[in-house]
Amino acid sequence: MSTIFKAFVASVVIAPLLLSTLLFSQISVAADAIPVTTEQALHQQWQALVSQHVKPINNGNSSAVDYAAMQQQRTQLQSYLKQLSNISQTQFDAWDKSTQLAMLINAYNAWTVELILTKYPDIESIKDLGGFFSSPWDKSFIPLLGKTRSLNDIEHKLIRGSDRYNDPRIHFAVNCASIGCPALLEEAYTGAKLEQQLDAQTKRFLADTSRNYAKGDTVYLSAIFKWYGDDFTQGFAGADSVEAFLLLYPNALTLNGAQQDTANKQQLDIDYLDYNWSLNAVR
């Protein structure tokens with residue numbers, strides 16, 4: 001066989017193999033990376049749904065959900081949830097922490113809406129979806145990161161229990177479909193905007209006087225601060241107590257100078273308000 005013919009055969013056989021290997025390598029890299037444009041595309045359907053069907057109320061400090069309209073676009077919601085379910089643990093671990101956390105918050109909120117829609121309109125509270133000895137938050141119905149999970153798994157294991165994020169402001173981002181909850185955001189969370197979004201949601205919640213307000217030496221707070229009090233003592237932005245956390249946002253809570261001094265001395269009395277579990281539906 002001539003040298004020229006051998007070279008020709010090698011080019012015909014080997015070149016496609018090299019091209020195939022290169023393409024596979026590029027696909028693998030692409031699967032493990034998530035540039036901002038891809039992240040926006042991932043959450044595009046959720047963005048469209050919440051921007052259309054979540055309405056600001058209480059002077060913009062909270063929001064209500066048009067579940068009837070969501071029901072009409074449930075196919076789009078389920079398409080989004082399927083996209084989230086297709087994300088592998090390897091892909092997820094390759095993302096930066098903000099992108100991870102944004103996805104988990106969106107997943108919690110979107111699957112909560114899907115859970116409500118399984119019984120809507122014959123539902124007055126998310127608690128109606130539980131049993132006498134069971135909680136709707138413990139239902140394992142969410143295919144996410146290779147396992148079937150519950151809403152509690154997302155919030156308490158993947159977000160709070162992972163030690164990756166340690167940000168108490170997530171409590172003002174995840175939404176439990178109840179009037180007592182912080183507002184469901186009218187846009188999708190993204191890693192690129194997460195810091196801004198969490199900060200705005202925290203201020204928004206603290207400014208809602210139906211959930212939090214100060215009077216004299218007493219501050220009346222949402223029960224969220226009682227249930228998850230320890231999360232506000234872990235040093236976020238230097239805060240090692242609920243009072244210290246509140247002092248990060250004195251204007252949102254409209255704390256006057258005397259109240260801020262009292263809080264700084266950790267002498268502020270804290271009372272916790274009753275939680276309203278009624279469905280956060282448009283009325």
note = Bridge orientation stat for the chain from DSSP, antiparallel percent rounded to 5, came to 70 percent
query = Can you give the net charge of the other residues whose Cβ lies under 12 Å from the Cβ of Val50, counting K and R as +1 and D and E as -1?
reply = -2
ask   = What pairs from Lys82/Lys119; Lys97/Lys226; Lys97/Lys157; Lys203/Lys226 go past 22 Å between their alpha carbons?
value = Lys97/Lys226
message = List the trypsin sites (Lys or Arg not before Pro) within the range 113-217 that DSSP assigns to loop and that have no more than 14 neighbouring Cβ atoms inside 10 Å.
response = Lys119, Arg164
message = Taking just the alpha carbons, could you work out the radius of gyration and Dmax for the range 28-167, both in angstroms?
response = 15.7, 48
task = Treating the angle as unsigned and between 0 and 90°, give the value, to the nearest 10°, between the Cα long axis of helix 74-85 and the longest Cα principal axis of the chain.
result = 70 degrees
key: In degrees, nearest ten, helix 97-117 long axis to first principal axis of the chain (Cα)   = 70 degrees
message = To test your reading of the geometry: what angle, between 0 and 90 degrees and rounded to tens, separates the Cα axis of helix 3-32 from the longest principal axis of the chain?
response = 10 degrees
request  = Report, in deg cm²/dmol and to the nearest 500, the calculated mean residue ellipticity at 222 nm for the chain, where each DSSP H run with n ≥ 4 adds -39500 (n - 2.57) and the sum is divided by the residue count.
outcome  = -13000 deg cm²/dmol
remark   = Across 10 Å bins beginning at 0, the whole-percent shares of Cα-Cα pair distances in the range 196-258 come to 21, 60, 19, 0
inquiry  = Just to be sure I understand the model, the point goes 7 Å from the Cα along the line to the Cβ. What's the resulting Phe132 to Gln44 distance in nm?
reply    = 5.0 nm
ask   = Dipole magnitude of the chain about its Cα centre, charges +1 at Lys/Arg Cβ and -1 at Asp/Glu Cβ only, in debye to the nearest 20?
value = 800 debye
key: the range 125-181: chymotrypsin sites (Phe, Trp or Tyr not before Pro) falling in loop per DSSP and having at most 14 other Cβ within 10 Å   = Phe132, Phe133, Phe141
ask   = Candidates (i) 6, 25, 30, 19, 9, 4, 3, 2, 1, 0; (ii) 7, 29, 36, 21, 6, 0; (iii) 6, 24, 29, 21, 12, 5, 2, 1, 0; which is the computed P(r) over Cα pairs in 10 Å bins from 0, in percent?
value = (i)
ask   = Which whole-angstrom value gives the distance between the alpha carbon centres of the range 204-283 and the range 103-154?
value = 27 Å
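Bear in mind that the values in this text are calculations on the coordinates, not laboratory data. No experiment lies behind these values; they were computed from the predicted model shown. All Cβ positions, glycine included, derive from the backbone under ideal geometry; neighbour counts span all protein chains shown.
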